[in-house]
Amino acid sequence: MRTNAISIANYFVDLANADNREIRLLGLIKRVYIVHGFTLAILNRPAIDERFDKVEAWRLGPVIPSVYHSFKHFTNQPVSEKSVILTDVNNFIIPEIDDKDIKNITKAVWKRYYKWGDMDLVNLLHRDGTPWSFCYVEGKNEKIPDIYTKIYYKNVLDDIEAKNN
């Protein structure tokens, strides 16, 4: 099975539990998007499965609807368990990341952003020049093209590298 947004979200639930930290729906959605962005920039391929996942510009920033719908029952409570998906009649699985590179990027995103609050992440992804800022239309959930996300995260990586030199 290809890596998909739910498998990344599930891994964040594992990482949060291992660090004894709470993760809520909004922060979970934002972190999955950030993994997708860094994966596009570093590996030159998406972290999410385009058959099931897409990125849209919602009022509170980039959202992958499959993650939202899989975890929305937690509302504003901490996400306490992983999501399952139905693969065929009566066959449920817990999506996990099989790709070592994407798993490493997810760990790196967790380390970089685990202390960030949900609204901090929203503000980060709402800045001028972000893919969301180019695509958001009030009242619509417009698609954010991967090329916008890739270019943006390549610039983020360049900024990180410049600060480290």
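Pairs of lysines in the chain whose Cα atoms sit within less than 17 Å of one another amount to 20, provided the residues are eight or more positions apart or on different chains.
Taking a ≥ b ≥ c as the square roots of the eigenvalues of the alpha carbon gyration tensor, region 45-96 is oblate, as a/c is not under 1.5 and a/b does not beat b/c. Between Ile85, Ile105, Ile151, find the one with the highest GNM mean-square fluctuation for the chain; connect C-alpha pairs within less than 10 Å. Highest fluctuation of the listed residues: Ile85. Residues in region 106-118 carry Karplus couplings, in order, of 4, 4, 5, 5, 4, 4, 6, 10, 5, 8, 6, x, 4 Hz; the curve used is 6.51 cos²θ - 1.76 cosθ + 1.60 with θ = phi - 60°, and Gly or Pro positions show x.
Put simply, the amide H of Trp58, placed in the peptide plane, has neighbours under 5 Å in Val63, leaving out anything fewer than 5 places away on its chain. Per residue, the convex hull spanned by the alpha carbons of the chain comes to 123 Å³. Annotation for Val137 and Arg112: the two label points, set 7 Å from Cα along the Cα-Cβ direction, are 3.0 nm apart. With N the number of residues in region 108-165, Rg(Cα) / (2.2 N^0.38 Å) evaluates to 1.27. Using only Cα atoms and rounding to the nearest 10 degrees, what angle (0 to 90) does helix 25-43 make with the longest principal axis of the chain? Roughly 60 degrees, rounded to the nearest 10.
Using the Cβ-Cβ distance between Asn104 and Glu50 with R0 set to 22 Å, the FRET efficiency works out to roughly 0.55.
Volume per residue for region 1-92 equals 112 cubic angstrom (convex hull of Cα atoms). Using the Cβ-Cβ distance between Glu81 and Asp128 with R0 set to 25 Å, the FRET efficiency works out to roughly 0.10. Using the Cβ-Cβ distance between Asn91 and Asn165 with R0 set to 45 Å, the FRET efficiency works out to roughly 0.35.
Any read-out appearing in this document is the output of simple, stated calculations on the displayed coordinates, not a laboratory observation. Because the structure is predicted, anything quoted here is derived from the model rather than measured. Quick reminder, even Gly has a Cβ in these numbers, built from the backbone with ideal geometry, and neighbours come from all protein chains shown.
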